[in-house]
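Novice: Let me give you the structure first, and then I'll get to my questions.
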Amino acid sequence: MRLFSPIIEALERIAKGDFSVRVDNVFDEHSHETPIVGELVNSVNQMALQLDEMEHMRQEFISNVSHEIQSPLTSIRGFAQVLRNDALSADERHHYLSIIDTESTRLSRITENLLRLAALESEQAKFEPKRYRLDKQIRNLILTCEPQWSAKNLEMEVALEEIEITADQDLLSQVWNNLLHNSIKFTPDGGRIVIGTCQQNGSVLFTIQDSGIGIAEADQAHIFERFYKVDAARTRANNGGSGLGLSIVQKIVTMHQGTVTVTSQPSAGTTFTVCLPNLN
């Protein structure tokens, strides 16, 4: 009991949610009497450390979610109160209603993305790969968002090699949509977007390159993190995005045993590359 009491006490504190606890390892690992106790102490300390890190991540996640949801709610509540003023003109009333509608859509998008991430990370997430034409899927998505890139007079250069791939078609459509809409949002009027697919060394490569505002090197290592937003220029261009889209992209690509990378320079555009194994 003298040997195990500190370990039992630490486990009791961990069970109550105190993950900062650590057990002093005063045992001689070369002793014939207590080598197992020393290993047990190390295991308990490692478990507490991992739980402590997870708790910090959980708290940060809750804080980020609260902040992202609070922002549109504040706008909606504020402009709803302004609308009570009977002296407002019809144009002013229409303007404030448009803001409420935009912020409501933003709030809905945040909750949808949170639910999507939760579903992707759960063991119950549907993953139904099948054989289909990747080039047809991407071309249809490009045509679907034509009103967005046409409105900005963007030049779309598309070179899609005829490729059949085994993957979850619905999940990958979220990947292409996120990357395509990001390029459109962050590319100024009259800019250029180049989209291509090819097969290379048994893998399928998808690239999307834009002439947009770019991403600083310091931010590139973090852009796939949840809620991460880069410089103010991209935040303004994002029109209130939640910072969840690229997290969803990375999660889906990882589910397909693939990788997604980014290369970019400020004011020189951005290129995203998705590499997927072409499974038969």
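The values are calculated or read from the model by the stated rules, or taken from the named source; none is laboratory data. These numbers were taken from a predicted model, which means no experiment stands behind them. FYI the Cβ positions are ideal-geometry reconstructions off the backbone, even for glycines, and counts take in every protein chain you see. When the accessible area is computed, the model is the full protein with side chains, heavy atoms only, and any ligands, DNA or RNA have been set aside. Shrake-Rupley method; radii C 1.70, N 1.55, O 1.52, S 1.80 Å.
Novice: Given the criteria closer than 22 Å to Ile138 by Cβ, in a helix (DSSP H, G or I) and at pLDDT 85 or above, does Leu276 qualify?
Specialist: no
Novice: Let me confirm something: among Gln169, Gln174, Gln148, which residue is closer than 15 Å to His256 by Cβ, of a type outside the set (D, E, K, R) and without any contact (Cβ under 8 Å) to a residue 40 or more places away in the chain?
Specialist: None of the other options fit; the residue is Gln169.
Novice: Do the conditions hold for Ile252, that is, is it of a type in the set (Val, Ile, Thr), modelled with pLDDT of 85 or more and not in a helix (DSSP H, G or I)?
Specialist: No.
Novice: Could you count how many residues in segment 77-93 are more than 20 Å from Leu107 (Cα to Cα) and open to solvent by 100 Å² or more (accessible area, probe 1.4 Å)?
Specialist: 3
Novice: Out of curiosity, is Gln174 open to solvent by less than 60 Å² (accessible area, probe 1.4 Å), within 20 Å of the chain's Cα centre (by Cα) and either of a type outside the set (Ser, Thr, Tyr) or within 30 Å of Asn85 (Cβ to Cβ) (or both)?
Specialist: Judged against the criteria, Gln174 is a match.
Novice: Quick one: is Ser267 more than 30 Å from Lys130 (Cβ to Cβ) and modelled with pLDDT of 80 or more?
Specialist: Yes: the conditions hold for Ser267.
Novice: Is it the case, given these coordinates, that Arg139 is closer than 30 Å to Ala119 by Cβ and of a type outside the set (Asp, Glu)?
Specialist: Yes: the conditions hold for Arg139.
Novice: When you check Val37 against the structure, is it surrounded by 12 or more Cβ atoms within 10 Å (Cβ to Cβ), farther than 22 Å from Gln59 by Cα and at pLDDT 80 or above, yes or no?
Specialist: Against the criterion (surrounded by 12 or more Cβ atoms within 10 Å (Cβ to Cβ), farther than 22 Å from Gln59 by Cα and at pLDDT 80 or above), Val37 does not qualify.
Novice: Is it the case that segment 118-137 has a residue that's open to solvent by 80 Å² or more (accessible area, probe 1.4 Å) and under 25 Å from Ser211 (Cβ atoms)?
Specialist: no
Novice: Still on this structure: Identify all residues within segment 177-192 that are outside any helix (DSSP H, G or I) and either in contact (Cβ under 8 Å) with a residue 60 or more places away in the chain or surrounded by 16 or more Cβ atoms within 10 Å (Cβ to Cβ) (or both); write none if there are none.
Specialist: Thr187, Gly191
Novice: For Ser66, indicate whether it is within 30 Å of Glu103 (Cβ to Cβ) and modelled with pLDDT of 70 or more.
Specialist: So Ser66 passes the test.
Novice: So, in segment 251-271, exactly how many residues are closer than 19 Å to Ala216 by Cβ and either surrounded by 14 or more Cβ atoms within 10 Å (Cβ to Cβ) or not small (Gly, Ala, Ser) (or both)?
Specialist: Looking only at that region, the number is 10.
Novice: Right, here's the next one. When you scan segment 149-176, how many residues do you find that are touching a strand residue (DSSP E or B) at 6+ places or on another chain (Cβ under 8 Å) and assigned to a loop (DSSP other than H, G, I, E, B)?
Specialist: 5
Novice: If the Cβ limit is 6 Å and pairs must be 6+ apart or interchain, which residue in segment 195-219 that is at positive phi and open to solvent by less than 30 Å² (accessible area, probe 1.4 Å) pairs with which residue that is modelled with pLDDT under 95 and outside any strand (DSSP E or B)?
Specialist: Taking only residues 6 or more apart or on different chains, the pairs are Gly214/Gln265; Gly214/Pro266; Gly214/Ser267; Gly214/Ala268; Gly214/Gly269.
Novice: What number of residues within segment 104-139 are within 18 Å of Leu180 (Cβ to Cβ), at pLDDT below 75 and not in a helix (DSSP H, G or I)?
Specialist: 0
Novice: Output the residue which, of all residues in segment 19-34 that are surrounded by 14 or more Cβ atoms within 10 Å (Cβ to Cβ), at pLDDT below 80 and not aromatic (Phe, Trp, Tyr), is nearest to His56 (Cα to Cα).
Specialist: Selected residue: Asn25.
Novice: Okay, next question. How many of the residues in segment 152-171 are modelled with pLDDT of 90 or more and open to solvent by 50 Å² or more (accessible area, probe 1.4 Å)?
Specialist: 9
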